[in-house]
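A.B. asks: Provided herewith is a single structure, encoded as structure tokens, for subsequent inquiry.
Here, each number is a calculation from the coordinates, and none is a lab measurement. Everything numeric here is computed off the predicted structure, so don't read it as measured data. Cβ coordinates were reconstructed from backbone atoms using ideal geometry, including for glycine residues, and neighbour counts include every protein chain displayed.
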Amino acid sequence: MDCIFCKIAAGEIPCKKIYEDERVLAFFDIQPQAPVHALIIPKTHVASADELTAQTAGVAADVFGAVPKVARACGLTRGYRVITNVGEDGCQSVRHLHCHLLGGRKLPEEMG
Ligand code: DGP
């Protein structure tokens, strides 16, 4: 499968790693939109939140379970935002489920 995040998870494409365990990987976004902009991905390929099922919901739990660890590793003591884009209207450019973790400044109130 030609998936850039699968290749990053497999170590075939380098990244600036923040956190890793057996099921998830977190690394800095290549196009940061905040002083801290991390991505958290499952090592298992799921295309987006829209593809989740009762059988694969644990993949989302793994990603969300890593959120506080990544936030602490990034020093985000004042809060942050977690976003997952889905599909064309959601402006999802990489079709591998991922959370954006944004922080390091007061973020705009607007969400869309
Ligand atoms: P989204 O638009 O929600 O699918 O976000 C995908 C993000 O992935 C986007 O902010 C840019 C980032 N990205 C794409 N390719 C790479 C890469 O090769 N390395 C890193 N670190 N980030 C990438």
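A.B. asks: Please quote Rg/Rh for the range 14-112 to two decimal places, taking the Kirkwood radius as Rh and restricting both calculations to Cα atoms. Could you put the intermediate results ahead of the total?
C.D. replies: On the way: Rg = 13.0 Å, Rh = 13.8 Å.
Rg/Rh for the range 14-112 comes to 0.94.
A.B. asks: Still on this structure, please answer the following. Can you give the FRET efficiency to the nearest 0.05 for Ser93 and Ala60, using r as the Cβ-Cβ distance and R₀ = 25 Å? It would help to have the intermediate numbers written out before the result.
C.D. replies: Details: r = 19 Å, r/R0 = 0.78.
That gives a FRET efficiency of 0.80.
A.B. asks: Karplus couplings for the range 90-99 from phi (6.51 cos²θ - 1.76 cosθ + 1.60, θ = phi - 60°), rounded to Hz, Gly and Pro as x?
C.D. replies: Karplus values, whole Hz, x for Gly and Pro: x, 6, 7, 9, 10, 7, 9, 2, 7, 9.
A.B. asks: Show me, for the range 36-43, the HN-Hα J-couplings you get by feeding each phi into the Karplus relation (A = 6.51, B = -1.76, C = 1.60, θ = phi - 60°), rounded to Hz, glycine and proline as x.
C.D. replies: Values per residue, Gly and Pro as x: 10, 9, 9, 10, 10, 10, x, 6 Hz.
A.B. asks: Using +1 at the Cβ of each Lys and Arg and -1 at the Cβ of each Asp and Glu in the range 7-112, identify which of His98, Gly79, Gly65 lies farthest towards the dipole's positive end.
C.D. replies: Comparing the listed Cα positions along the dipole, Gly79 ranks first.
A.B. asks: Something else: Kindly point out, ordered by number, any Cys in the chain whose beta-carbon has no other cysteine beta-carbon under 4.7 Å away.
C.D. replies: Lone cysteines by the Cβ rule: Cys15, Cys74, Cys91, Cys99.
A.B. asks: Enumerate the calculated ³J(HN,Hα) couplings along the range 8-20 in order (Karplus 6.51 cos²θ - 1.76 cosθ + 1.60, θ = phi - 60°), each rounded to whole Hz, writing x wherever the residue is Gly or Pro.
C.D. replies: Ordered by residue, 3J(HN,Hα) equals 5, 4, 7, x, 7, 10, x, 8, 8, 6, 10, 7, 8 Hz.
A.B. asks: Calculate how steeply helix 57-73 sits against the longest principal axis of the alpha-carbon atoms of the chain, using the helix alpha-carbon long axis, and give the answer as 0 to 90 degrees to the nearest 10.
C.D. replies: Tilt relative to the chain: about 30 degrees.
A.B. asks: At a Cα cut-off below 18 Å, give the lysines reachable from Lys69, other chains included and same-chain residues fewer than 8 away excluded.
C.D. replies: List returned: Lys16, Lys17, Lys43.
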